[in-house]
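Only one structure is covered here, and it is reproduced in the block below.
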Amino acid sequence: MSGPTRRVALKVVGATLGAGAFAYAGRPVAQWAASVDIDDLLRRHYKELTADELAQILRRIEDETQKKYGVEVRVEDIPAQDGVSFGYALNLSLCIGCRKCAEACHHENNHDRPTNNSYIRVLEMQQGSFDMEHGTVDYDHAVPAPGKYYMPVQCHQCDNAPCVKVCPVEATWKEKDGIVVVDYSWCIGCRYCEAACPYHARRFNWRAPEIPADEINPDQGYLSNRIRPQGVVEKCTFCLHRTRKGLLPACLEACPTGARVFGNLLDPASSIRYVLEHKRVYVLKEELGTRPRFFYFFDK
Amino acid sequence: MADPVDTVAPPAPPSLAPGLTYLRFLSAALRRSFSGSWRFYAWMTVLTAIALVGLNGWGHQLQQGMQVTRMSDHVSWGLYIANFTFGVGLAAGAVMMVIPAYLYDDHDMHDVVIIGELLAIAAIAVCIGFIVADMGRPDRMWHILPGIGRFHWPVSMLTWDVLALNGYLLINLHIAGYLMYQRYRGKAPRKRWYLPFVFLSIGWAISIHTVTAFLYQGLGGRPFWNSALLAPRFLATAFISGPAFVIVLLHVVRWSGRLTFGDGPIRTLTSIMRVTVLLNLFMLMSELFTALYTGGAHAAAVKYLFFGSHGKHALVPYIWTAVTLNVTSAVLLFLPRTRVDRRWLLAACACAFVGVYIEKGMGLIIPGFVPSTLHEVVEYTPSITEWKVTAGVWALGLLILTVALKVGLAMWTGKVRAADAPPMVDGAP
C-alpha cells in the first residue's frame with residue numbers, strides 16, 4: 001500500500017471510530033432530550049399563567065399521572081383565602097415520639113415509597129437539653145423512653161424564609177396565607193434552598209417517586225401533594241389542599257395525643273391563638289431571624 | 001481548493017470587506033485547531049475520550065435522576081459544586097497576570113498575559129459545566145436567564161453569580177479575541193477598544209470569587225460557611241491556585257517552543273504565591289482557633305472535618321492531605337533552592353494546586369452539611385458517576401484551553417496572519 005492511501009485509510013478508520021464513540025457516549029443524553037416534554041419545557045411561571053392555561057396544565061398533569069402511575073387523580077389549584085394566615089404549634093409535653101405524623105405525611109403527600117420519605121423528622125431529645133447535637137432521629141425502641149422528650153420538625157413556613165430568598169428563579173415563594181410553596185414545574189433543581197434551610201425542611205426528588213397505584217392519594221393540589229417530577233425540590237405545605245378547604249393537616253389528624261394545634265392566626269377565637277396567648281411558646285433557632293410560623297411549647 | 005488566506009494574490013482593500021476578514025480570521029482559527037503534530041492529536045484524543053466518558057455518565061444521570069450520585073437530602077451538594085467552587089478560583093486567579101501586566105506595567109508579564117486571559121475563559125467554561133452537571137433539571141435552564149426566565153435578582157446570590165461568571169467570560173472573550181484579531185490583521189490594538197475592558201476584568205475577577213463566597217457565607221443555617229472570613233479566604237486560595245497553574249502552563253508553553261519569554265513572569269507569580277500561601281494558612285489558623293477555642297455548635301463541623309465525630313471520619317484524610325500539601329508548598333516556596341531549580345518550583349506549584357483543590361472543594365463544601373441542620377451526621381463520598389462527570393468536565397476545560405492556546409499563540413506570534421497584513425517587526429505588529 002502506498003503512503004497516501006494508507007494515510008487516507010487510517011483517517012477513515014479513525015473518523016469512523018470517533019463518530020462511533022460520540023454516538024455511543026451521547027446516546028443517553030439524546031434519549032433524555034427526546035423524552036423532554038415540549039409543552040412542559042416552554043410553559044411559563046405559575047404566576048404568569050392565565051386561568052385557561054392553568055386549567056389545561058392541570059388536565060395535562062392528570063393525564064400524565066394516569067399514564068405513568070395508572071390511576072385517576074384530581075389535581076386542583078386551590079388559592080389562599082382572604083383573612084387567613086396559618087400557624088401551627090406543637091405541645092412537647094404531649095408528644096410521645098410515635099412518628100404517626102411522619103407516616104400520615106408520607107401517605108397524604110404521595111411520597112416515594114422505597115425511601116419512606118416524609119416532610120417530618122422526629123428527634124428524640126435528651127431531657128434537660130435543647131441541643132439537637134444530643135438528639136437522634138434513628139431511635140428504634142418503645143416510646144416514650146425514660147429521660148427523653150420528642151421534637152418533630154417540619155417546615156416552619158418562615159416569614160423571613162432563607163429558602164425563598166436564595167431561589168434564583170422564583171420557583172418558591174410565600175403565599176398570602178403564610179405557606180411557602182414550590183412550583184414543581186418551574187424548579188431547576190439547583191438545591192440552593194436545601195442548603196439555605198436551617199430546619200432540614202426541604203427534600204429533593206433524586207429520582208421519580210415510586211408509589212403503587214392503589215396507594216396514591218387522588219386528591220391533589222398543584223402546589224402541594226401532586227406527584228412530583230424527578231429532579232425538583234419539594235416541601236411541607238401545611239397540607240394546603242386540605243387546610244385551604246377548612247380541613248386539618250394530615251399530621252395533626254394522625255396525632256394520637258393531641259400534641260398538635262393548627263389554625264388561623266387572624267381568628268381571635270382559634271385554638272392556635274389560645275396557645276400563643278396562654279402558653280410559653282418558643283421557635284426553633286430564633287437567633288437566625290427566620291420568623292417561623294411553627295411554635296413549640298411545654299405545658300407542664 | 002485555493003486557500004484565500006495563503007494566496008499571494010494582491011490583497012483586497014481591507015476597508016471594503018471587514019466582515020470578510022473576520023470570517024477569514026475565524027476560519028484560520030478553526031483550521032489551526034484541527035491541525036498539528038501527532039502529539040497534539042494524541043493529547044486531544046485522550047481528552048475527547050475522557051470528555052465522552054463524562055458525557056455518558058451525565059446522560060445516565062439525566063435519565064435515572066440524581067440517585068446515581070451519592071448526594072442526599074443531608075449532603076445536598078457534593079463533588080460537582082466542590083469543583084465549581086475551585087474552578088471559579090482558578091478563573092479569578094488568572095487576574096494575577098493581568099494586574100502586574102497592566103497596573104504595574106510589567107513588560108515581561110505583558111508578553112504572556114494573553115495566557116492568563118485564555119485560562120480564565122477555559123476555567124469559566126469548567127464552572128458552567130459543573131453547574132449544569134449539578135442541576136436536577138437542566139432542561140429548564142432558560143428559567144435562570146435574565147429577561148427571559150424569572151431572574152430573582154438582586155435577592156438571590158446565585159443570580160449575581162450568573163451575571164458575574166458570564167460577564168467575566170464575555171469580557172475575557174472580547175479582550176483575547178480583539179487582541180488576536182488585531183495581530184492577525186497586523187495592526188496595533190487600539191487602547192480604547194481593550195484597555196477599559198482590561199481594567200474592568202480586574203475588578204470583575206475579584207467579584208466572581210467574592211460573589212461565589214457570598215453564596216455560602218450568607219447562609220445563617222450553615223455555621224461552617226457563615227463566616228466573614230470566607231470571601232477573603234476564597235481570594236487568597238484563588239491567588240494560590242491560579243498562579244500555580246499558570247507557572248506550570250508557562251513551562252509547558254516554553255517547552256513547546258511556541259512562545260519565547262524571559263523568567264520575569266514566573267518570578268513575579270512565584271512572589272505572589274509566597275504571600276498568598278502564608279495568608280491562606282494564617283486565615284485557616286484563625287478560623288480553627290475561633291471554632292475550637294469557642295467550642296459549641298460552631299465547632300461541630302470543624303471537629304468532624306479534622307478529627308471525625310460520632311465515629312464517622314470520611315473527610316479526615318482529605319483535609320489532612322490538603323493541610324500537608326499546603327504547608328509543604330509554603331516551605332518549598334521559601335527554600336533558596338526553589339529559586340534556582342525548576343523542578344522544586346514545579347513541585348511547590350503542584351502541591352499548592354492540589355492542596356487548594358482539596359481544601360476548597362471537598363474540604364469546604366461537605367462540612368457545610370455535616371452535621372446537618374438537625375445535627376444528624378450523614379457522610380458523603382462521591383459515586384463513580386460523579387467522578388466520571390467530573391473528569392469529563394475538566395477534560396472539556398483542557399480541550400478548550402489547548403485549542404485556545406494553540407490558536408491564540410499562533411496569532412500572537414504572527415504565525416497565522418491575514419494575507420494583507422504587514423510583516424511583523426521585532427515580534428510586534
Among the residues of the range B:208-229, the number that are more than 13 Å from chain A (Cβ to nearest Cβ), surrounded by 18 or more Cβ atoms within 10 Å (Cβ to Cβ) and more than 21 Å from B:Met273 (Cβ to Cβ) is 1
- Query: Is at least one residue of the range B:75-83 touching a strand residue (DSSP E or B) at 6+ places or on another chain (Cβ under 7 Å), surrounded by fewer than 24 Cβ atoms within 10 Å (Cβ to Cβ) and not in a helix (DSSP H, G or I)?
  - Reply: no
* Residues in the range A:31-47: is at least one in a helix (DSSP H, G or I), small (Gly, Ala, Ser) and over 26 Å from B:Gly65 (Cα atoms)? -> no
Sole miss for A:Ala196 among (1) at the interface with chain B (Cβ under 7 Å from one of its Cβ atoms); (2) closer than 16 Å to A:Ile61 by Cα; (3) more than 11 Å from the chain's Cα centre (by Cα) is condition (2)
Counting only residues that are in contact with a Lys or Arg (Cβ under 6 Å, 6 or more places away or on another chain) and away from chain B (no Cβ under 14 Å), the range A:199-217 contains a total of 1
How many residues of the range A:72-89 are crowded, with 17+ Cβ neighbours inside 10 Å and within 28 Å of B:Leu62 (Cα to Cα)? The answer is 2
Q | A:Tyr88 being farther than 22 Å from A:Glu170 by Cβ and free of Cβ contacts under 8 Å to residues at least 12 places away in the same chain | A | no
Note to self: Regarding the range B:88-105, can at least one residue be identified that is surrounded by 20 or more Cβ atoms within 10 Å (Cβ to Cβ) and under 30 Å from A:His45 (Cβ atoms)?
What the structure shows: yes
Q. Can you find a residue in the range B:236-245 that is touching a residue at least 40 places away in the same chain (Cβ under 8 Å), over 16 Å from B:Ala94 (Cβ atoms) and aromatic (Phe, Trp, Tyr)?
A. no
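For every residue, the table says whether it meets (1) within 13 Å of chain A (Cβ to nearest Cβ); (2) more than 23 Å from B:Thr69 (Cβ to Cβ).
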position	(1), (2)
B:Ile319	no, no
B:Ala322	no, no
B:Cys349	no, yes
B:Ser372	yes, no
B:Ile384	no, no
B:Trp387	no, no
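Each row is one residue, and each column tells you yes or no for (1) away from chain B (no Cβ under 12 Å); (2) of a type in the set (A, V, I, L, M, F, W, C); (3) at positive phi; (4) assigned to a strand (DSSP E or B).
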| residue | (1), (2), (3), (4) |
| --- | --- |
| A:Leu123 | no, yes, no, yes |
| A:Phe130 | no, yes, no, no |
| A:Tyr139 | yes, no, no, no |
| A:Met151 | no, yes, no, yes |
| A:His156 | no, no, no, no |
| A:Asn160 | no, no, no, no |
| A:Lys165 | no, no, no, no |
Log entry, pairs with first residue in the range A:91-102 being closer than 19 Å to A:Gln127 by Cα and basic (Lys, Arg), second being modelled with pLDDT of 95 or more and in a loop (DSSP other than H, G, I, E, B), beta carbons closer than 9 Å, six or more apart or on different chains, reads A:Arg99/A:Ser118; A:Arg99/A:Ile120; A:Arg99/A:Val143
Given the conditions (1) away from every other protein chain (no Cβ under 14 Å); (2) within 29 Å of B:Ile148 (Cβ to Cβ); (3) surrounded by 12 or more Cβ atoms within 10 Å (Cβ to Cβ); (4) polar (S, T, N, Q), every one holds for A:Gln31 apart from (1)
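Out of all the residues in the range B:217-231, which are over 15 Å from A:Gly289 (Cβ atoms) and touching a Gly at 6+ places or on another chain (Cβ under 9 Å)? Lay out the reasoning, then the answer.
We begin by selecting, within the range B:217-231, every residue over 15 Å from A:Gly289 (Cβ atoms); these are B:217, B:224-225, B:227-231.
Within the range B:217-231, B:Phe224, B:Trp225 qualify.
Restricting to the range A:179-221, name every residue that is assigned to a loop (DSSP other than H, G, I, E, B), among the basic types (Lys, Arg) and touching a strand residue (DSSP E or B) at 6+ places or on another chain (Cβ under 8 Å).
Once the filter is applied, which keeps residues that are assigned to a loop (DSSP other than H, G, I, E, B), among the basic types (Lys, Arg) and touching a strand residue (DSSP E or B) at 6+ places or on another chain (Cβ under 8 Å), the range A:179-221 yields only A:Arg191.
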Matching residues in the range B:290-339 (closer than 21 Å to B:Thr276 by Cα, among the aliphatic types (A, V, I, L, M) and part of a helix (DSSP H, G or I)) number 9
Filter result for B:Gly89 (more than 14 Å from every other protein chain (Cβ to nearest Cβ), touching a His at 6+ places or on another chain (Cβ under 9 Å), in a helix (DSSP H, G or I) and small (Gly, Ala, Ser)) = yes
Selection from the range B:50-74 of residues in contact with a helix residue (DSSP H, G or I) (Cβ under 9 Å, 6 or more places away or on another chain), of a type in the set (S, T, N, Q) and either more than 9 Å from every other protein chain (Cβ to nearest Cβ) or part of a loop (DSSP other than H, G, I, E, B) (or both) yields B:Thr69
Quick count over the range B:92-138, residues being assigned to a loop (DSSP other than H, G, I, E, B) and among the hydroxyl-bearing types (Ser, Thr, Tyr), is 1
Item to complete: Check the range A:238-257 and report whether any residue there is away from every other protein chain (no Cβ under 11 Å), buried (at least 23 other Cβ atoms within 10 Å of the Cβ) and of a type in the set (Ser, Thr, Tyr).
Response: yes
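The values are calculated or read from the model by the stated rules, or taken from the named source; none is laboratory data. Every value quoted in this text rests on a predicted model; they were computed, and no experiment measured them. Here the Cβ is made from the backbone with ideal geometry for all residues, glycine too, and neighbour counts use every protein chain on show.
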